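Everything on this sheet refers to the single structure shown next.
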Amino acid sequence: MAWKRGVIILFWLAAAGCSKSSDEPAAEEWPKHGLTEAQANEVLAKIGDRTITVGEFAERLASQSPYLQARFESPERRKEFLDNLVRYELLVYEAKRRGYADDPEVQRARRSIMIQELVEQEVDAPLQDQAITDEEVQAAYDADPTEFDRPAQVRASDIFIEDRAKAEAILKQATKADRATFSRLAREHSEDEITKGNSGDLQFFTAEGDGQPSTAVRKAAFSITQVGSVYPELVKAGGGYHIVMLTGKRAELTRTYEQAKRAIRHKLTRERKEAATEALAERLRKEVSVEVDYKALEAVKVDVPELPKTP
């Protein structure tokens, strides 16, 4: 399906990039890009029912970054650019011929692109003139100076086995194993299907927290002093036994205002955008008829995989 998604994106980007906007002014000033109006309207290439004019080609070149524009200064490079456009249009033509324009996945991609455009115009553009001030950043930091601190974290890999005898046998192998061997043992023997596919990797976690990994596994991982070492005993938790290897460490980080202000600015910018998007949605709810039947959700069944039990 990956190739199909590529065609989907290609199709809609082409549709958006090649069609003329209805907001274009009726009259343009000529010459433009060194072309007269007659020159701009000359047909440069035809691909099926799609026509590329000299003017469109010039517009495409002008939309490139200055670095890329410099690349296409020579006739050979301009020919290469045109050949790429033709190849692009050939793929779009074939996607349309095969009916992908009506594919539900294509329609979803189109809707997503339209939403992105709407948000850019109705949310992002107005916010450009409302930059986060230094005073706002300082106030956010003063309200909670510890918010952007980071507690100590470790990363570990885990092999979970329900049978104790089997777990003890694997522990003997794992104690002498390097990381690659431990990963292989996790893929071959771990009975936790969620982490097995990731070679037992639990990612980074703190000493305290809800959910996975369990409290016992967290405690074992934090007690290991050297990265690459295995906890010397089985860790009983979740209806079985865990074999834990420490694979990474992150020290506790306390940020000063100067260290935190960039992250604070990003956070405030994100929150402002989320608030503006929510306000747009609320306004639209008042303008557009919306009916929701939440009771119908009761018929929806979700298959949830069985998770290891935490102590």
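The values are calculated or read from the model by the stated rules, or taken from the named source; none is laboratory data. Remember, it's a predicted structure, so these values are computed and weren't measured experimentally. Heads up, the Cβs are rebuilt from the backbone with ideal geometry, glycines too, and the neighbour counts pull from every protein chain shown.
Just give me the residues in region 239-254 being surrounded by fewer than 12 Cβ atoms within 10 Å (Cβ to Cβ) and not in a loop (DSSP other than H, G, I, E, B), in sequence order.
none
Would you check if there is a residue in region 157-164 being within 19 Å of residue 238 (Cβ to Cβ), buried (at least 17 other Cβ atoms within 10 Å of the Cβ), of a type in the set (Ser, Thr, Tyr) and modelled with pLDDT under 95?
First, pick out the residues of region 157-164 that are within 19 Å of residue 238 (Cβ to Cβ): 157-164.
Within this subset, residues satisfying the condition of being buried (at least 17 other Cβ atoms within 10 Å of the Cβ) are 157-161.
Subsequent filtering for residues that are of a type in the set (Ser, Thr, Tyr) retains 157.
Next, only the ones that are modelled with pLDDT under 95 stay: none.
No, region 157-164 contains no residue that is within 19 Å of residue 238 (Cβ to Cβ), buried (at least 17 other Cβ atoms within 10 Å of the Cβ), of a type in the set (Ser, Thr, Tyr) and modelled with pLDDT under 95.
Would you be able to say whether some residue in region 98-110 is touching a Leu at 6+ places or on another chain (Cβ under 8 Å) and surrounded by 13 or more Cβ atoms within 10 Å (Cβ to Cβ)?
No, region 98-110 contains no residue that is touching a Leu at 6+ places or on another chain (Cβ under 8 Å) and surrounded by 13 or more Cβ atoms within 10 Å (Cβ to Cβ).
Among 138, 128, 153, which is more than 30 Å from residue 187 (Cβ to Cβ), at pLDDT 95 or above and among the polar types (S, T, N, Q)? Break it down stepwise before answering.
Numbers: 128 fails: at pLDDT 95 or above; 153 fails: more than 30 Å from residue 187 (Cβ to Cβ).
Of the residues listed, the single one that is more than 30 Å from residue 187 (Cβ to Cβ), at pLDDT 95 or above and among the polar types (S, T, N, Q) is 138.
Among the residues of region 279-290, are any modelled with pLDDT under 95 and over 30 Å from residue 124 (Cα atoms)?
no
In region 58-115, which residues are among the β-branched types (Val, Ile, Thr) and closer than 30 Å to residue 42 by Cβ? Can you show your working first?
First, the residues of region 58-115 that are among the β-branched types (Val, Ile, Thr): 86, 92, 106, 113, 115.
Once the filter is applied, which keeps residues that are among the β-branched types (Val, Ile, Thr) and closer than 30 Å to residue 42 by Cβ, region 58-115 yields 86, 92.
Residues checked against (1) touching a Pro at 6+ places or on another chain (Cβ under 6 Å); (2) part of a loop (DSSP other than H, G, I, E, B); (3) not hydroxyl-bearing (Ser, Thr, Tyr):
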residue	(1), (2), (3)
148	no, yes, yes
155	no, no, yes
159	no, no, yes
167	no, no, yes
170	no, no, yes
184	no, no, yes
188	no, no, yes
199	no, yes, no
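Return the residues of region 222-231 that are farther than 8 Å from residue 245 by Cα, assigned to a loop (DSSP other than H, G, I, E, B) and not β-branched (Val, Ile, Thr); say none if nothing qualifies.
Result: 226, single match.
Tell me which residues, restricted to region 255-285, are surrounded by 13 or more Cβ atoms within 10 Å (Cβ to Cβ), under 23 Å from the mean Cα position of the chain (by Cα) and over 30 Å from residue 156 (Cβ atoms).
Residues satisfying the conditions are 264, 265, 268, 269, 272, 273, 276, 277.
Could you figure out which of (1) assigned by TED's automatic domain parsing to the domain that holds residue 166; (2) buried (at least 18 other Cβ atoms within 10 Å of the Cβ); (3) out of contact with any Asp or Glu (no Cβ under 6 Å at 6 or more places or on another chain); (4) within 30 Å of residue 145 (Cα to Cα) isn't true of residue 231?
Just one mismatch for residue 231, condition (4).
Does residue 219 count as over 15 Å from residue 161 (Cβ atoms), at pLDDT below 95, over 27 Å from the mean Cα position of the chain (by Cα) and part of a helix (DSSP H, G or I)? Walk me through how you get there before you give the answer.
Details: over 15 Å from residue 161 (Cβ atoms): yes; at pLDDT below 95: no; over 27 Å from the mean Cα position of the chain (by Cα): yes; part of a helix (DSSP H, G or I): yes.
Here the answer is no, as residue 219 does not meet what is asked.
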